[in-house]
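Participant: Right, I'll just put the structure down here and ask away after.
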Amino acid sequence: ALRDWVAIESDSSNIQKRPELHRMMEMVAQKLRLMGGTVELVDIGEQELPDGQTITLPKVVTAQFGSDPSKHTVCVYGHVDVQPAKLEDGWATDPYNLTDISGNLYGRGTSDNKAPVLAWIHAVKAYQALSMVLPVNVKFLIEGMEETGSNGLDAMILAQRDTFLSDVDYIIISDCGWLSRRPALTYGTRGNCYFFAEVEGPKQDLHSGVYGGAVIEPMTDLIGILDTLISPSGRILIPGIQEAVAPLSDEEWKMYQDIEFDVNHFKNVTGVNHLMYNNKVDLLAHRWRYPTVSIHGIMGAFSDPGTKTVIPAKVTAKFSIRQVPDMDPATVKKQVTHYLHSVFAKRKSPNKLKVTMVIGAKPWLADTQHPLYEAGKAAIKRVFNMEPDLIREGGTIPIARTFQDVTGKSIIMMPIGGFDDGMHSQNEKMSRYNYIEGTKLFIAYLNEVAQITKTKKLKLYI
């Protein structure tokens, strides 16, 4: 099943692959239909492209198994779109041909997020195969645009709040990974404010030998303002950003102390000889609960092999700020825009600067004392015979905050991906161990959630 899913190039960032993405959603829907689920393909509208044209968004798959009002209902969220991948990017194997090497299943989308979605589907299928009644009602909400910001999903969730989502008690997300070889439960993610900073100058690209020294170059301006975003030590220099961060509590500090994490191994995996911080607590805190600035690329710059003596007429930087409680995307947008324009003004350049925020995803944080997390600990103990790490995720899963804000329901993140899976990177993989034992974990977790229900009912009865 995973091989069939990985074979589909469901890259949501490439509009040329949109037919593949539509096919991927149909395949998900068909698998759930064949299991007897009540399945719908929900139209979420169109996506507007930078040139003003529109393209149809992939439909969202919803499915339901069981409708017993005496049971709790859980909604499993996942996505089946993937990051771009090409063999020439540095993959050892064809990224769209699932390859088993020494117990690892290599392919784009294995860990993020096709194998976890399939594991949840197979968890339900296991109950069916054993002719066992599901201990809870299970709903699925599977999308195809997560890797590019979940276009259209927020509106769909709002529209479905009083219908498909009305009887949902708990929401489960498995779009993340473990921190070490120890299983983990995730209780927080950072948000993401993604910016374009465009500097435009001459009406066309110019020859650097003919015009160099005579014009003020857009690239020089752009590099100059990017250099003012962050210090060499990693401190964000934009006024107001650091000041908005929620302080590290004593309880958080203790939680970080207890987490299994090897700094030297992390250093080896990343291939660097020096990190921003050398102790576990500081390193984890700055990965999870402090904001960061990352510069991702520059459009319009010459980047092909060889040489080209050109002065680009227009260049656009792409950078992001991972945000944390208590930061707000709307405020961050104003802070960044005002700051860059003020820095640019000091350069007294005749070129034009345009700053745009294209993604404004909020952070998410859960209560680890909630019964959902107690059930998660019990399920992990049952399957892996150990206590889990309670961790946060440095990346962004925007839909978690949307679910929380719109439905008011409790959410848990239950990863099965390995710490070394290489999500978004070359040679992404999911180990057979994590895939199979992860499916068992999901089966056990549904049973544990049912026990929560029984406890609550007993208390109410008494």
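The values are calculated or read from the model by the stated rules, or taken from the named source; none is laboratory data. Computed from a predicted model, the values in this text were never measured in an experiment. We place every Cβ from the backbone using ideal geometry, glycine too, and count neighbours over all the protein chains shown. Only protein heavy atoms, including side chains, enter the accessible area calculation; ligands, DNA and RNA are left aside. Shrake-Rupley method; radii C 1.70, N 1.55, O 1.52, S 1.80 Å.
Participant: Only residues that are among the small types (G, A, S) and over 23 Å from H424 (Cβ atoms): list them for the range 257-311, please.
Facilitator: Hits for the range 257-311 are G300, G306.
Participant: Moving to a separate point now. Which one is farthest from the chain's Cα centre (by Cα), of the residues in the range 361-371 that are part of a strand (DSSP E or B) and modelled with pLDDT of 90 or more?
Facilitator: Among residues in the range 361-371 that are part of a strand (DSSP E or B) and modelled with pLDDT of 90 or more, the one farthest from the chain's Cα centre (by Cα) is L365.
Participant: Which of the residues that make up the range 243-266 are touching a residue at least 12 places away in the same chain (Cβ under 8 Å) and assigned to a loop (DSSP other than H, G, I, E, B)?
Facilitator: Correct list: V245, A246, L248, I259, E260, F261, D262.
Participant: Among the residues of the range 60-80, is any open to solvent by 30 Å² or more (accessible area, probe 1.4 Å), farther than 24 Å from S166 by Cα and either assigned to a strand (DSSP E or B) or at pLDDT 95 or above (or both)?
Facilitator: No, the conditions are met nowhere in the range 60-80.
Participant: Additional query: Take the conditions of a type in the set (K, R), over 20 Å from P398 (Cα atoms) and within 23 Å of the chain's Cα centre (by Cα) and apply them to K267. Does it pass?
Facilitator: Working: of a type in the set (K, R): yes; over 20 Å from P398 (Cα atoms): yes; within 23 Å of the chain's Cα centre (by Cα): yes.
Against the criterion (of a type in the set (K, R), over 20 Å from P398 (Cα atoms) and within 23 Å of the chain's Cα centre (by Cα)), K267 qualifies.
Participant: Just give me the residues in the range 95-147 being touching a His at 6+ places or on another chain (Cβ under 8 Å), farther than 19 Å from M413 by Cβ and crowded, with 24+ Cβ neighbours inside 10 Å, in sequence order. It would help to see each step written out before you state the result.
Facilitator: To start, the set of residues in the range 95-147 that are touching a His at 6+ places or on another chain (Cβ under 8 Å) comprises 112-113, 117, 136-137, 142-147.
From what is left, the residues that are farther than 19 Å from M413 by Cβ are 137, 144-145.
Within the range 95-147, G144 is the sole residue that qualifies.
Participant: State yes or no: is S320 open to solvent by less than 70 Å² (accessible area, probe 1.4 Å), touching a residue at least 40 places away in the same chain (Cβ under 8 Å), under 22 Å from Y194 (Cα atoms) and not in a helix (DSSP H, G or I)? Can you show your working first?
Facilitator: Details: open to solvent by less than 70 Å² (accessible area, probe 1.4 Å): yes; touching a residue at least 40 places away in the same chain (Cβ under 8 Å): yes; under 22 Å from Y194 (Cα atoms): yes; not in a helix (DSSP H, G or I): yes.
In short, yes.
Participant: With respect to L284, is the statement that it is in a loop (DSSP other than H, G, I, E, B), open to solvent by less than 30 Å² (accessible area, probe 1.4 Å) and in contact with a helix residue (DSSP H, G or I) (Cβ under 8 Å, 6 or more places away or on another chain) true?
Facilitator: no
Participant: Which is in contact (Cβ under 8 Å) with a residue 12 or more places away in the chain and on the phi > 0 side of the Ramachandran plot, of G224, G240?
Facilitator: G240
Participant: State which residue pairs qualify: first residue farther than 21 Å from S12 by Cβ and touching a residue at least 60 places away in the same chain (Cβ under 8 Å) and inside the range 113-141, second residue of a type in the set (D, E, K, R) and open to solvent by less than 10 Å² (accessible area, probe 1.4 Å) in any location, beta carbons under 7 Å apart, and separation of 6 or more residues or different chains.
Facilitator: From residues that are farther than 21 Å from S12 by Cβ and touching a residue at least 60 places away in the same chain (Cβ under 8 Å), there are no pairs.
Participant: Just wondering, is there one or more residues in the range 125-147 that are touching a helix residue (DSSP H, G or I) at 6+ places or on another chain (Cβ under 8 Å), acidic (D, E) and under 30 Å from Q451 (Cα atoms)?
Facilitator: Looking through the range 125-147, at least one residue is touching a helix residue (DSSP H, G or I) at 6+ places or on another chain (Cβ under 8 Å), acidic (D, E) and under 30 Å from Q451 (Cα atoms).
Participant: Quick test for you: out of V355, V336, pick the one residue that is in a strand (DSSP E or B), in contact with a Phe, Trp or Tyr (Cβ under 9 Å, 6 or more places away or on another chain) and among the aliphatic types (A, V, I, L, M).
Facilitator: Residue meeting the stated conditions: V355.
Participant: Scan the range 335-358 and tell me whether some residue there is closer than 25 Å to L153 by Cα and open to solvent by less than 10 Å² (accessible area, probe 1.4 Å).
Facilitator: The answer is no, given that none of the residues of the range 335-358 is closer than 25 Å to L153 by Cα and open to solvent by less than 10 Å² (accessible area, probe 1.4 Å).
Participant: Please go through the range 372-426 and pick out each residue that is open to solvent by 10 Å² or more (accessible area, probe 1.4 Å), in a helix (DSSP H, G or I) and among the aliphatic types (A, V, I, L, M).
Facilitator: A378, V383, V406
Participant: Looking only at the range 160-176, filter to residues that are more than 13 Å from G376 (Cβ to Cβ) and among the polar types (S, T, N, Q); which one of those is least open to solvent (accessible area, probe 1.4 Å)?
Facilitator: Checking each candidate, the answer is Q160.
Participant: In the range 200-221, how many residues are exposed (fewer than 11 other Cβ atoms within 10 Å of the Cβ), over 38 Å from the mean Cα position of the chain (by Cα) and in contact (Cβ under 8 Å) with a residue 12 or more places away in the chain?
Facilitator: Within the range 200-221, residues that are exposed (fewer than 11 other Cβ atoms within 10 Å of the Cβ), over 38 Å from the mean Cα position of the chain (by Cα) and in contact (Cβ under 8 Å) with a residue 12 or more places away in the chain number 3.
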